[in-house]
1. Pairs only if they're at least six apart or on different chains, beta carbon under 6 angstrom, first in the stretch 50-78 and in contact (Cβ under 8 Å) with a residue 12 or more places away in the chain and within 21 Å of residue 296 (Cα to Cα), second open to solvent by 20 Å² or more (accessible area, probe 1.4 Å) and part of a strand (DSSP E or B); list them, first residue then second.
2. State whether one or more residues within the stretch 167-179 are surrounded by fewer than 21 Cβ atoms within 10 Å (Cβ to Cβ), over 21 Å from the mean Cα position of the chain (by Cα) and in the same structural domain as residue 218 (by TED's automatic domain parsing).
3. Given the conditions (1) open to solvent by 10 Å² or more (accessible area, probe 1.4 Å); (2) charged (D, E, K, R); (3) in contact with a Ser or Thr (Cβ under 9 Å, 6 or more places away or on another chain), report the number of the one that residue 78 does not fulfil.
4. When the stretch 81-101 is examined, which residues are found to be open to solvent by 10 Å² or more (accessible area, probe 1.4 Å) and within 13 Å of ligand 1 (Cβ to nearest atom)?
5. In the set 224, 126, which member is under 25 Å from the mean Cα position of the chain (by Cα), at pLDDT below 95, among the small types (Gly, Ala, Ser) and exposed (fewer than 13 other Cβ atoms within 10 Å of the Cβ)?
6. Looking at the stretch 22-40 only, could you name the residues that are assigned to a helix (DSSP H, G or I) and free of Cβ contacts under 8 Å to residues at least 24 places away in the same chain?
7. Sort through 3, 21, 65, 85 and tell me the only one that's more than 30 Å from residue 241 (Cα to Cα) and assigned by TED's automatic domain parsing to the domain that holds residue 333.
8. Got at least one residue in the stretch 322-332 being in contact with a strand residue (DSSP E or B) (Cβ under 8 Å, 6 or more places away or on another chain), open to solvent by 10 Å² or more (accessible area, probe 1.4 Å) and part of a loop (DSSP other than H, G, I, E, B)?
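The values are calculated or read from the model by the stated rules, or taken from the named source; none is laboratory data. Everything quoted here is computed from the prediction, not taken from an experiment. Positions of Cβ are backbone-derived with ideal geometry, glycine not excepted, and every protein chain shown enters the neighbour counts. These area figures cover heavy atoms from the full protein model, side chains too; ligands, DNA and RNA do not enter into them. Shrake-Rupley method; radii C 1.70, N 1.55, O 1.52, S 1.80 Å.
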Amino acid sequence: MHARIALCPGDGIGPEVITEARKVLDAVAVRYGHTVSYTEHLIGGVAIDATGTALPEDTFAACAAAEAVLLGAVGGPRWDDPKAAVRPEQGLLALRQRLGLWANLRPVAPYPCLLDRSPLRPEKLSGVDLIVIRELTGGLYFGTPKERTMGPEGLRAVDTLVYTEHEIRRVVELAFRIAATRRSKVTSIDKANVLESSRLWRQVAIEVAERHPGVRVEHLLVDSAAMRLITHPSSFDVIVTENMFGDILTDEAAVLSGSIGLLPSASLGDDRKGMYEPIHGSAPDIAGHAVANPVGTILSVAMMLRFSLGLEREAQCIERAVEEALRDGCRTRDIGGTLTTHAMGSAVRERLAEAAAGGSSSAMLSRAF
Ligand code: IPM
Ligand code: MG
């Protein structure tokens, strides 16, 4: 088949990790007889510098026309002035919202060979295999009013946490469908003891759960969930939660895997179109040093093959090649090694042939869509 991919490398280490991920995608495509065409676009800080806006219209149009978007990272100290009218992050948020990508999937399953890289004791990590489904286009990130005003007592700033029943239902439904393909457990996380929006969230989650009797459900307050992610991480299967709780909890969950540089994500909406990005940021401190870990972006390509292109075999081939490379001791600096970004990408590519020969296991997750 032929795939049309929009690349948005963005800022900091974004271009470095995208380069390696693209090479892996090209290699897998050749191996399985597919072709891929790319267009490349500005987003974030580099877009602000070039055009004055974080999401230029031609970037949006190209992303809307492509089958999938592969994004590096946005942001950096150059654009961090809290008083600035435009910020790189606005580009990413606008793209998620305008493409209608309301669900963000962030799987976390530590590699056995990397258990010593996590600050948690290895015995705590055994059996950890969870996926966070983060609501992505609602909540505090997008609610209005969102403003800053001058009042009699000085400046005043407002963000609004708003959710509709529809927004909650579709993402919780997705969590239950995904859970049915895994260990059949959903943990819905809210702050229903304090927030009205969370009380609606819980009410809808209870209703959805009733229609999925084969899936166990639990409702957890976000503070207690934050603690349990560290004390009993293997007790989770599918986590579903609102936008900001999901943002915070996925950085916390990344600690389980040993490095945030390893983790991929998929952002999906009503159809197959998706945006794929590593969960790490632009890491300005290491940008340009060729030491960034490309694995999170390479695994995002695997998710792209699975969810937007329907190529499960190819997705698993990449996932196996990554696992094999890590097992063979190939490591970038964040996981205790010395390989460059490029050498790590090559290490994965070199293992694709062997990984392809390994055959594929059952394609559970993609069946939820
Ligand atoms: C993430 C990031 C973004 C978010 C930022 C860069 C806007 O932290 O994808 O987790 O908060 O969603
Ligand atoms: Mg985040």
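1. From residues that are in contact (Cβ under 8 Å) with a residue 12 or more places away in the chain and within 21 Å of residue 296 (Cα to Cα), the pairs are 67/4.
2. Within the stretch 167-179 (the criterion being surrounded by fewer than 21 Cβ atoms within 10 Å (Cβ to Cβ), over 21 Å from the mean Cα position of the chain (by Cα) and in the same structural domain as residue 218 (by TED's automatic domain parsing)), the answer is no, since none of the residues qualifies.
3. Tallying (1) open to solvent by 10 Å² or more (accessible area, probe 1.4 Å); (2) charged (D, E, K, R); (3) in contact with a Ser or Thr (Cβ under 9 Å, 6 or more places away or on another chain), residue 78 fails exactly one: (3).
4. Within the stretch 81-101, 87, 89, 90, 92, 93, 94, 96, 97 qualify.
5. Answer to the selection: 126.
6. 26, 30, listed by residue number.
7. Unique residue meeting the criteria: 3.
8. If we filter the stretch 322-332 for residues that are in contact with a strand residue (DSSP E or B) (Cβ under 8 Å, 6 or more places away or on another chain), which is where we start, we get 330-332.
Keeping just the survivors that are open to solvent by 10 Å² or more (accessible area, probe 1.4 Å) gives 330-331.
Imposing the further condition that a residue be part of a loop (DSSP other than H, G, I, E, B) reduces the set to 330-331.
Yes, the conditions are met somewhere in the stretch 322-332.
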